[in-house]
Amino acid sequence: MKFHILTWGCQMNDHDTEKMSGLLVRSGLLLADSVHDADLVLLNTCSIREKAAHKVYSELGRINEIKASRPDRPMAIGVTGCLAQQEKENIFKRAPFVDLVVGTMALKQLPRLVANVFGGGNHVIDTDFYPDNHLFPVDCISRSCSPKALITIIEGCNHACTYCVVPTTRGSERHRPVGDILTEVRNVVDSGFCEVELLGQNVNSYNGGCTFAELLYKIAEIDGLEWIRFTTSHPMNFTKELAQALTSISKVAPFLHMPIQSGSDKILRRMGRGYTAQEYIDRIGYLGERRNNMCLSTDFIVGFPGETDEDFESTMSILELIKFDASFSFIYSPRPDTPALHLADNLPESIKHERLARLQARQTEFTTQSNLREVGKIVPVRIESHTPSEQGYWLARTAQWRNVHIENSADSQLPFGRLVDVKITGAGPHWLKGEVL
Ligand code: 5AD
Ligand code: SF4
C-alpha cells in the first residue's frame, strides 16, 4: 500500500506531515510519488483564512476525479489538519467520498484509523482531544529533504486572538519536556542536520522545565549545530531575557518573526492581542543596536471589523517607524467559532483591497532597501538545492532567512545543507544574488 500527503498551511502543518509519514512508514506503508500512484491520499489542511479552506474542497474534488478514473485500484481519501479539526463530520456531508477525517490532536491514532479504512470502515473519524499528543515518538519522523530539521516544542496556543481559529483547532498549550527536546536536537544533529527550527504557535511562551531563553542557551551547547531558528513569537512573551539570548548566542540566527497585526490600539484591543502599539515598539527596543544586524519580519491583518482610515494610517505609521525587513499581510477573513465573527464588518471589499495593496507596496520598498544593504557583503549561506534551477542558479539562505541565488556555480557541485561563503552581488525585493568565493 502506498500513501501520498498534500500539505497546506504553516510549518506546524509541514511538520505534522513529516510525523504522519513517519507513522505510516513505520506501519508498513510506502511513500508514493504522486496522488496517481497512491492507495491512500491525505490532505493535511489549513483553515486560517476562508481561502485556505476553499482550496481544500476544490482539491478534494480534483482528487475524487482521479479516484473515479481508476476503478480497478481503490483509493482512500483522508482529511487531516486544522480544517479536519474544525469541520469534523461536516467534511463527510460536503464531500461524502472522503473516507477518513483525523483531527490535529489525534495524529498518533493515524495507523489504527488507516487500518480501519483499509479494512472496509466507512467515514472513519477521530477528532478527539488527546492531551499527550505533544509527546510524539519523534524517532519515527520522516523528515523532508529540507536542510533544516523542524522540532516541535509547544503544541497549541493559550492566547485568544478574536480572529483566530488556532485555539480551537490546536487546543491550549502543551509544552514538551526540555530533556525530550534536547535529545531530539542531538539526534537530528547526529543524523546530519546542522540547522533546527523550533516550532510553536506561540514559541516564546515555552515553559516545559525552563524559559524559552534558557532553552536556546541549552540547545546552543550542542556540538555540530550551526543555526537555531524559531517561530512564531508573540510580543507579549518577548522578554528582555529572550532579546539578550537572541542577540548574544551566535548560533541563534539573527531573525525574528513577531506578528504585530495592526498599529492601532483600538484594533489591537478588538483583536485581543494584549499589547499596545507602543508596547510592541518597546519590545523591539529590547534588541538594542543589534536590531540593525537582524531581519525583523511581521504579519498584518487589514480590514479588521471597525478599522477606520485613521486606524489603518496607524498601521502604515508603525511600518514606517519599524521598517520591517519583511511582512506577510492579509485581509481579515471571518472564521467559524471565533469571537470576531460577531463584530460588525461593514467595510467595502474595495477599501480592504486598496489598504492591502498600499501596505504591501510600501513593504516591498522596505524589503528591497533591506536587501540592497546586503550587496557587497560576504556572508555564509546554507545551500538549499541539490542541483541548479532551470535558470542556472543554486538556491541558498542566509542566517537572516534571505533567499540567495548563486549564479556562478552552475557547473560545479555545491554541498546541499552545508554553509558556503558567498559575496552578495545584487538584490531585488525577494532575493539576493551571490557568487561563491
Ligand atoms: N484573517 C486574516 N488573517 C489571519 N491570520 C490569522 N487569522 C486570520 C484571519 N481570520 C493571519 C495573522 C497571523 C497569520 C499566521 O495569519 O496575521 O499572524
Ligand atoms: Fe493553518 Fe493555523 Fe492550522 Fe497552521 S495552525 S495549519 S496556519 S490554521
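Computed over all pairs of different Cα atoms, the Kirkwood value for the hydrodynamic radius of the stretch 290-437 is 17.5 Å. The mean accessible area for residues of the stretch 212-303, using a 1.4 Å probe and ignoring ligands and nucleic acids, is 37 Å² per residue.
Couplings 3J(HN,Hα) of the stretch 283-288, computed from phi: 5, 4, x, 4, 6, x Hz, in residue order, whole Hz [Karplus 6.51 cos²θ - 1.76 cosθ + 1.60, θ = phi - 60°; x for Gly and Pro].
For the chain, the mean residue ellipticity at 222 nm estimated from helices alone is -10000 deg cm²/dmol, where every DSSP H run of n ≥ 4 contributes -39500 (n - 2.57) and the total is divided by all residues, rounded to the nearest 500. On the beta carbon distance between residue 282 and residue 160, with R0 = 30 Å, the FRET formula returns roughly 0.85.
For a 4.7 Å threshold on C-beta separation, the list of partnerless cysteines in the chain reads 10, 46, 82, 140, 145, 157, 194, 210, 295. So if I take the centroid of the Cα atoms in the stretch 178-193 and the same for the stretch 392-437, what is the distance between those two points in Å? Using only Cα atoms to place each centre, the spacing works out to 28 Å.
The label point for residue 289 and the one for residue 223, both projected 7 Å from the Cα toward the Cβ, are 3.4 nm apart. Using the Kirkwood radius over Cα pairs, work out the Stokes-Einstein diffusion coefficient for the stretch 341-416 at 25 °C and 0.890 mPa s, in µm²/s as a whole number. Value of D from the Cα-based Kirkwood radius: 156 µm²/s. Spin-label pair residue 365-residue 248: with each label point 7 Å from Cα along the Cα-Cβ axis, the two points sit 3.8 nm from one another.
Extending 7 Å from the Cα toward the beta-carbon at both residue 73 and residue 330 defines two label points whose distance is 3.6 nm. If only the Cβ of Lys and Arg carry +1 and only the Cβ of Asp and Glu carry -1, the dipole of the stretch 11-115 around its Cα centre is close to 240 debye. Note on residue 112/residue 412: beta-carbon distance plugged into 1/(1 + (r/R0)^6) with R0 of 41 Å gives a FRET efficiency of 0.25. For the stretch 77-181, DSSP calls about 25 percent of its internal beta bridges antiparallel. To the nearest Å, what is the center-to-center distance of the stretch 235-262 and the stretch 18-83, using C-alpha atoms only? For the stretch 235-262 versus the stretch 18-83, the Cα centre distance is 36 Å. Where Rh is the Kirkwood radius over the Cα pairs of the stretch 195-270, the temperature 25 °C and the viscosity 0.890 mPa s, what D in µm²/s does Stokes-Einstein return? Translational diffusion coefficient: 186 µm²/s. Sorting 227, 8 by solvent-accessible area of protein heavy atoms yields 8, 227, largest first, with a 1.4 Å probe. Shape analysis of the stretch 213-359 yields a ratio of the Cα radius of gyration to the Kirkwood radius, Rg/Rh, of 1.03. Placing +1 on each Lys and Arg Cβ and -1 on each Asp and Glu Cβ, with no other charges, gives the chain a dipole about its Cα centre of roughly 80 debye. Within the accessible area of the chain, the carbon and sulfur atoms contribute 52%, probe 1.4 Å, all protein chains present. Accessible surface computed residue by residue for the stretch 324-437, with neighbouring protein chains in place and a 1.4 Å probe, gives 52 Å² per residue. Within the stretch 15-130, the percentage of alpha carbon pairs spaced more than 18 angstrom apart rounds to 47%. Within straight-line reach of residue 148, meaning a Cα separation under 18 Å, sit the following lysines at least 8 residues removed in sequence or on another chain: 19, 251. On a per residue basis, the stretch 101-141 carries 43 Å² of accessible surface, using protein heavy atoms and a 1.4 Å probe.
Neighbours of residue 371, meaning other residues whose beta-carbon lies under 9 angstrom from its beta-carbon, give a summed charge of 0 when Lys and Arg score +1 and Asp and Glu score -1.
With no solvent and one point per C-alpha, what does the Debye sum give as log10 I(q)/I(0) for the chain at q = 0.08, 0.12, 0.13 Å⁻¹? Taking Cα atoms of the chain as identical point scatterers yields -0.49, -1.14, -1.32. Under 5 Å between amide hydrogens, built in the peptide plane, is the criterion, and for residue 125 it picks out 101 among residues at least 5 positions away or on other chains.
In this structure, the pairs whose alpha-carbon distance is over 29 Å, taken from 67/108; 240/323; 352/423; 218/266; 51/240, are 352/423; 218/266; 51/240. Size descriptor for the stretch 88-152, Kirkwood hydrodynamic radius: 13.6 Å (Cα pairs only, one decimal).
Database remark: amide H of residue 401 closer than 5 angstrom to no amide H (H placed geometrically; neighbours at sequence offset of 5 or more, or on other chains; Pro and chain starts carry no H).
The values are calculated or read from the model by the stated rules, or taken from the named source; none is laboratory data. On a predicted model such as this, the values are computed, not experimentally measured, just so you know. Cβ atoms come from the backbone with ideal geometry, glycine included; neighbour counts cover every protein chain shown. Keep in mind that these areas ignore ligands, DNA and RNA; they rest on the heavy atoms of the full protein, side chains included. Shrake-Rupley method; radii C 1.70, N 1.55, O 1.52, S 1.80 Å.
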